Amino acid sequence: MEPKVFVVIPAYNEDSILRATVSEILKRGYSIVVVDDGSARPASEVLAGLNVWCLRHNVNLGQGAALQTGQLFALSRNADIIVHFDADGQHPAELIDRVIEPILNRTADVVLGSRFLNPVDARQVPFKKRLVLRAGILVSWMFTGVWLSDTHNGFRALSRAAAGRIVIRENGFAHATEILDLLRRSKLRYCEVPVAVHYSEYSASKGQSVLNSFNILFDLILRRIFH
Amino acid sequence: MTSIQAILIGCLVMAAILGSFIFRARLMYRLVGLLLLLTAVTLVLFPDATTALAHMLGVGRGTDLLLYFSLIAGMYAILLLYLRIRDLERKITEQVRAMAVRDAQFSGSR
């Protein structure tokens, strides 16, 4: 039987770019769950007529919370593989095949997209952003003991079993490091695959600012103290 | 009594009355509040008492001792509040998530 692949897309005020992103994925025949994280204009309006599941948080909770909601829903629809995908059009839809492949081959339970495995992809990342991401790699390693070539990349795939064990509690952007933490504790098998990213002016404006990375750091420290 | 003592005592009493209203159903809180009020008023009326205590602990002035303690109390209060907020956030997340999953719609079917 064909494995059921669900692509979970957290969206907050993405509007037209969301429709374009979703259309690209639909062409490839995957099921899509859009989690509208309390956008001003409901995503169900933006996506009217497209064959996707729309879930809406009636208050804005954050990207981590939206991913967890989508994941929970996909599991309830018997998803075999869950893909995390950014709404802002920075991930090419044709790479979903590559990201889920290690799970299909049963060589990994969790696959993480990396912008830094392939030098060509890495050069796509603006210099300032590259510095911050490199620092993020170091911080993630300090907190989770998992050394990766890239962190805070929103492109991931999880097997059904992995998704049941990786329960995201960090509502905000700290979820990316939290996932690594859970990954290490759960002893799930993981691997990285190179993914290209496309930074448009749009995704740059929607992306996390450099200052926000300090926020993530504080979240992680507090998490260490209070959990 | 100097005027600063009158002002401080007035503020303390007002805070105590307000707190008493807020914690209407909690006898324990009210009793602790009353104890705090009496201690504070005593210290305001006899400032030399704090200085004597400060000397015992190796601090030069009573006001410095109070400053250190109030800073620590303030930090502690912030941390407790942060825990409460996190807990509230978790509960809200659970509710919002349950609603989102319950009301999931497949947009193409309309």
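Only the coordinates and a few stated rules stand behind these numbers; no lab work does. As the structure is a computational prediction, the values presented were derived from the model and not from experiment. For neighbour counting, all protein chains shown are included, and Cβ atoms are generated from backbone atoms with ideal geometry for every residue, glycine included.
Odds and ends about this structure:
- Between B:T39 and A:R184, the distance separating the two model label sites (each 7 Å from Cα on the Cα→Cβ line) works out to 4.2 nm.
- Working from label points 7 Å from Cα in the Cα-to-Cβ sense, the B:D64 to A:F127 distance is 5.0 nm.
- Cleavage-rule hits, trypsin sites (Lys or Arg not before Pro), segment A:102-140, DSSP coil, Cβ neighbours within 10 Å at most 14: A:R106, A:R123
- Gain in span if fully extended, A:D15 to A:L222, counting 0.36 nm per residue against the direct Cα distance: 71.2 nm
- The shape of segment A:24-73 comes out oblate: with a ≥ b ≥ c from the C-alpha gyration tensor, a/c is at least 1.5 while a/b does not beat b/c.
- Principal axis dimensions, largest first and in whole angstrom, of segment A:1-147 by Cα: 41, 39, 29
- Assuming charge only on the beta carbon of Lys and Arg (+1) and of Asp and Glu (-1), the dipole of chain B about its Cα centre is about 580 debye to the nearest 20.
- Antiparallel content of DSSP bridges confined to segment A:5-226, in %, to 5: 25 percent
- Overall, the protein assembly as shown carries a charge dipole of about 580 debye about its Cα centre when +1 sits on the Cβ of Lys and Arg and -1 on the Cβ of Asp and Glu, all other atoms neutral.
- On Cα atoms only, tilt of B:3-22 relative to the major axis of chain B in degrees: 30 degrees
- Between A:L104 and B:T2, the simple spin-label model (points 7 angstrom out along Cα→Cβ) gives 8.2 nm.
- For chain A, the membrane-span-like helices by this rule, meaning whole DSSP H stretches whose C-alpha atoms cover at least 15 Å of axis and whose Kyte-Doolittle mean is -0.5 or above, are A:16-27, A:63-76, A:127-144, A:175-186, A:210-226; this says nothing about an actual membrane.
- Structure-based [θ]222 nm, the protein assembly as shown - -39500 (n - 2.57) summed over DSSP H runs of at least 4, per residue, nearest 500: -18500 deg cm²/dmol
- Estimated FRET transfer efficiency (B:A98, B:C11; beta-carbon r; R0 41 Å; 0.05): 0.35
- Of the residues A:D88, B:D103, the one with the fewest other Cβ atoms within 10 Å heads the list, and the complete ranking is B:D103, A:D88.
- B:M56/B:Y76 FRET efficiency (R0 30 Å; Cβ-Cβ; nearest 0.05): 0.85
- Zero-based 5 Å bins, Cα pair distances in segment B:4-110, whole percents: 2, 10, 10, 14, 15, 11, 8, 6, 5, 4, 4, 3, 3, 2, 1, 1
- Shown here: the protein assembly as shown, whose C-alpha atoms stretch 84, 45, 38 Å along the first, second and third principal axes, sorted largest to smallest.
- Within-10-Å neighbourhood charge of A:P92 [Cβ basis; K, R +1; D, E -1]: -1
- Shielding by partners for peptide B:74-87, expressed as the average number of C-beta atoms from other protein chains within 10 Å of each residue's C-beta, is 1.
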